[in-house]
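Only one structure is covered here, and it is reproduced in the block below.
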Amino acid sequence: MNAASRVHGARLAVALVSVCAACGVDDEASVTYDPRACSEWDAVEGFGLRWANANHRVSLWRVLTADPEACGSDGVELAYVGGDWTTGAVAADVPTATVSARRIVDATPDELGVYRDRVRLDIDPSGAATADVVVDRNVARLLGYPELTAVIDGLEIDTNVPQSGDYPADYDPSLGYTLRRVGADVEVVTADATTATVRVSARLAFGASDRDPMNRALLEARSAVTVGLALVGTQREAADADVDYALEYPRQLFGEDPVHEPAAATEAVVTLPGRAGDAEGVVAFRGFDFDLSAHGECGATQICPTGDTCVDGTCVGPAGPAGFYIRELRIGARVVDVDEAGTADVWVDGFASNASSAIAYFALRSHFSATVVRFPVASEPLAARVEFETGETRASLDSDPSTQGAP
């Protein structure tokens, strides 16, 4: 539901506040903002989910800040289901969620205003969808701000959605599929005095593995991605930076449980400009993408998806590209250093792992790309690390996350 659809009837006329911020003989600047703006924000810098024991299909995956219509969040909503090998129907596993955020401290509307929403995108077998969300700036309490920046406020993946008539009857979509790609982007594409249009895009594609009914079903599979959206009004344009790297892990055999390492600092640290005196601030994602593929030639140590055949080192057949049982999927960003000029070094983590105490069917190449933005406002760290039963739960973000088992 977008902002404009929430309001019916007469709208409240609000006068913008204009403050002389720097008055000199030849220079005068004014600050315009909405005095009603919400300046309470737990800015999400990272989130992820991990299974305790093995890798699984992805059927329900959720980390979303709670109560998006409220000013300020009330913790996070979590869910992780990976088919009947996680629920106890065949076997069971235990998920752990990690969330990192920064709470804006003592901000006032002239510095920052935040509007939050959720946008659901229905994904067809093409694996992608886009929607333009029109936000009424009066309703969102973001009138007057010269800069608007959209960032991601969480994510949900759900495969248990209605399917088309071409979907095979011998596979239940609630069991999920093996993952090949996932990502989301949010961007302000137009803005004027009264409205802003935010383009929300999502990618969710699955690939073949060892289950023939699943391999046939995913060719027709429909799913849904819900993107948490925060639209932030500021006086200054938020600095941004891109990261792009690939991590490769060998195929593991039965009985191994390898440790997959994240990206090194040389790959994962980017620089965002600032001004002298800037606070460390908060970093958020404007977009991210995981593109997963099997690397290396098929043969004695690299198999093909069920239904395909290895021909001269290449998998050939109807199953298509490989998909992966997932042990862990996470993104994260944090400021690691700020110099005297206000320039910040930011570590950006994108980690996907198919490690397992059982077996991984393919060697994994995880190509990760992302865009992060920085808001140099005073903030304090929050986190949660929550182990829960397979399914859905809620958790609070705490400045002392040890209360929830977080490091």
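The values are calculated or read from the model by the stated rules, or taken from the named source; none is laboratory data. Please read these numbers as outputs of a predicted model, since none were measured by experiment. No Cβ is skipped: glycine too gets one built from the backbone with ideal geometry, and neighbour counts run over all protein chains shown. Calculation scope for accessible area: heavy atoms of the full protein, side chains included, ligands and nucleic acids excluded. Shrake-Rupley method; radii C 1.70, N 1.55, O 1.52, S 1.80 Å.
So the values come out like this:
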| quantity | calculated |
| --- | --- |
| Test: residue in region 122-139 that is open to solvent by less than 20 Å² (accessible area, probe 1.4 Å) and in contact with a helix residue (DSSP H, G or I) (Cβ under 7 Å, 6 or more places away or on another chain) | yes |
| Residue match in region 21-28 (condition: open to solvent by 30 Å² or more (accessible area, probe 1.4 Å), of a type in the set (Val, Ile, Thr), in contact with a Gly (Cβ under 9 Å, 6 or more places away or on another chain) and modelled with pLDDT under 90) | no |
| Boolean, Asp240 is open to solvent by 50 Å² or more (accessible area, probe 1.4 Å) and more than 29 Å from Glu45 (Cα to Cα) | no |
| Condition check for Arg222: touching a Pro at 6+ places or on another chain (Cβ under 9 Å) and surrounded by fewer than 20 Cβ atoms within 10 Å (Cβ to Cβ) | yes |
| Members of region 197-231 that are touching a Lys or Arg at 6+ places or on another chain (Cβ under 6 Å), within 18 Å of Val134 (Cα to Cα) and either hydrophobic (A, V, I, L, M, F, W, C) or outside any strand (DSSP E or B) (or both) | Ala230 |
| Inter-residue pairs, beta-carbon under 6 Å, first over 30 Å from Val114 (Cα atoms) and among the aromatic types (Phe, Trp, Tyr) and in region 79-103, second open to solvent by less than 50 Å² (accessible area, probe 1.4 Å) and modelled with pLDDT of 95 or more, 6+ apart | Trp85/His56 |
| Near pairs, Cβ below 7 angstrom, 6+ apart or cross-chain, from region 252-268 (open to solvent by less than 70 Å² (accessible area, probe 1.4 Å)) to any residue that is part of a loop (DSSP other than H, G, I, E, B) and not polar (S, T, N, Q) | Gln252/Pro258; Gln252/Ala355; Gln252/Ile359; Gln252/Ala360; Pro258/Ala355; His260/Ala355 |
| Filter result for Tyr115 (outside any loop (DSSP other than H, G, I, E, B), aromatic (Phe, Trp, Tyr), at pLDDT 95 or above and touching a Phe, Trp or Tyr at 6+ places or on another chain (Cβ under 8 Å)) | no |
| Residue ranges of strands (runs of 3 or more DSSP E) in region 351-407 with at least 2 members modelled with pLDDT of 95 or more and either touching a His at 6+ places or on another chain (Cβ under 6 Å) or over 20 Å from Ala52 (Cβ atoms) (or both) | 364-375 |
| Enumeration of residues in region 64-112 that are of a type in the set (Val, Ile, Thr), within 26 Å of Asp136 (Cα to Cα) and assigned to a loop (DSSP other than H, G, I, E, B) | Thr108 |
| Residue match in region 287-308 (condition: open to solvent by 30 Å² or more (accessible area, probe 1.4 Å), among the polar types (S, T, N, Q) and more than 27 Å from the chain's Cα centre (by Cα)) | yes |
| Candidate set: region 105-120, residues that are β-branched (Val, Ile, Thr) and surrounded by fewer than 23 Cβ atoms within 10 Å (Cβ to Cβ); chosen: the one nearest to Val188 (Cα to Cα) | Val119 |
| Hits in region 146-189 - residues which are of a type in the set (Asp, Glu) and not in a strand (DSSP E or B) | Asp166, Asp170, Asp172 |
| Qualifying position, being open to solvent by less than 30 Å² (accessible area, probe 1.4 Å), farther than 30 Å from Ala37 by Cα and at pLDDT 95 or above, among Ala184, Ala169, Ala205 | Ala205 |
